[in-house]
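Remarks on the structure that follows.
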Amino acid sequence: MKLPANELTALKELGDRVMAALPQDVLGCDMVLDELVVTVRPTAIPKALTWLRDDPGALFKVLIDVCGADYPDREKRFEVVYSLLSLKHNRRVRVKTMTDEHTPVPSAVTIFSSANWYERETWDLYGIFFSNHPDLRRILTDYGFEGHPLRKDFPLTGYVEVRYDEDQKRVVYEPVKLTQDFRTFDFLSPWEGMTPDLPGYPLPGDEKAAAATPTQPVPPAGAAKTT
């Protein structure tokens, strides 16, 4: 839903105020799809989140989510995105920072308690480390899981598969085995490439009609037979 013009103006003014309040920490403020995106340095995450939470013109007191994004071609391949909500002003803002596999991002747990599990999920799926987190451990994958599933270089099939072994009466972990017989798939869709007006491009199924044996027409009743 497109925001009214006055709301867009208010978000742009908020972005200017953030940059004026934290000039050394904010790298940029952009409007993306009618949403304000504030990009900050990794070390300035606590300062930026605190300002957005406490400033009377912001009051973003609800942390909706902390998520990650992986861009392997970049030097700092990971983006960490914080989605904030202001119930007072009925506005949303996103705070974004960049990091790599070895540089930690300061935890936001002391600012928003809900960041505890969100940061654990981001660590589990992307391997983004959050410093000073009180309990940074996996939350979605199994015990002893290796790797981080949402990284672009993680194989879609994973490395191990889990099954219940009837002989051992327990769950066992085994390397993934992708054994599949050779099959021939027909990917022709009857809803694509239908150009009946062009010669040489019949519709799918016309070849069946052409191969069928034509039948003799039935003469009308009372018609004279010819010899």
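Structural remarks
- Condition met for Thr99 (over 14 Å from Pro46 (Cα atoms) and modelled with pLDDT of 95 or more): yes
- Only one of Pro106, Pro72 that is open to solvent by 50 Å² or more (accessible area, probe 1.4 Å) and of a type outside the set (Asp, Glu): Pro72
- Odd one out for Asp65 among (1) part of a strand (DSSP E or B); (2) open to solvent by 50 Å² or more (accessible area, probe 1.4 Å); (3) touching an Asp or Glu at 6+ places or on another chain (Cβ under 8 Å): (3)
- Checked against (1) modelled with pLDDT of 85 or more; (2) over 30 Å from Pro106 (Cα atoms), Ala212 passes all but condition (1).
- Counting only residues that are more than 26 Å from Asn132 (Cβ to Cβ) and surrounded by 15 or more Cβ atoms within 10 Å (Cβ to Cβ), the range 20-34 holds 1 of them.
- Filter pass, Ser131 being without any contact (Cβ under 8 Å) to a residue 40 or more places away in the chain, over 19 Å from the mean Cα position of the chain (by Cα) and open to solvent by less than 40 Å² (accessible area, probe 1.4 Å): yes
- Test for Ala48: is it part of a helix (DSSP H, G or I) and open to solvent by 60 Å² or more (accessible area, probe 1.4 Å): no
- If you go through the range 133-143 and keep only what is within 22 Å of Val171 (Cβ to Cβ) and in contact with a strand residue (DSSP E or B) (Cβ under 8 Å, 6 or more places away or on another chain), you end up with just Asp142.
- Filter result for Thr97 (open to solvent by less than 20 Å² (accessible area, probe 1.4 Å), closer than 26 Å to Met31 by Cβ and among the hydroxyl-bearing types (Ser, Thr, Tyr)): yes
- When residues of the range 94-108 are limited to those that are part of a strand (DSSP E or B) and closer than 10 Å to Phe129 by Cβ, the one farthest from the chain's Cα centre (by Cα): Val105
- Some residue of the range 144-167 being under 26 Å from Phe60 (Cα atoms), at pLDDT below 95, assigned to a loop (DSSP other than H, G, I, E, B) and of a type in the set (S, T, N, Q): no
- Just one of the listed residues (Arg77, Arg120) is open to solvent by less than 40 Å² (accessible area, probe 1.4 Å), closer than 20 Å to Asp153 by Cβ and among the charged types (D, E, K, R), and it is Arg77.
- Single residue of Ala48, Ala58, Ala20 found to be of a type outside the set (D, E, K, R) and free of Cβ contacts under 8 Å to residues at least 40 places away in the same chain: Ala20
- Every residue from the range 145-168 that is free of Cβ contacts under 8 Å to residues at least 60 places away in the same chain and open to solvent by 70 Å² or more (accessible area, probe 1.4 Å): Glu146, Leu156, Thr157, Tyr159, Val160, Val162, Arg163, Tyr164, Glu166, Asp167, Gln168
- Filtering the range 80-93 to residues that are open to solvent by less than 90 Å² (accessible area, probe 1.4 Å) and assigned to a loop (DSSP other than H, G, I, E, B) leaves only His89.
The values are calculated or read from the model by the stated rules, or taken from the named source; none is laboratory data. Bear in mind the structure is a predicted one, so any value in this text is a computation, not a measurement. So basically every Cβ, Gly included, is an ideal-geometry build from the backbone, and we count neighbours across all protein chains shown. These accessible areas exclude ligands, DNA and RNA; they are computed on the full protein's heavy atoms, side chains included. Shrake-Rupley method; radii C 1.70, N 1.55, O 1.52, S 1.80 Å.
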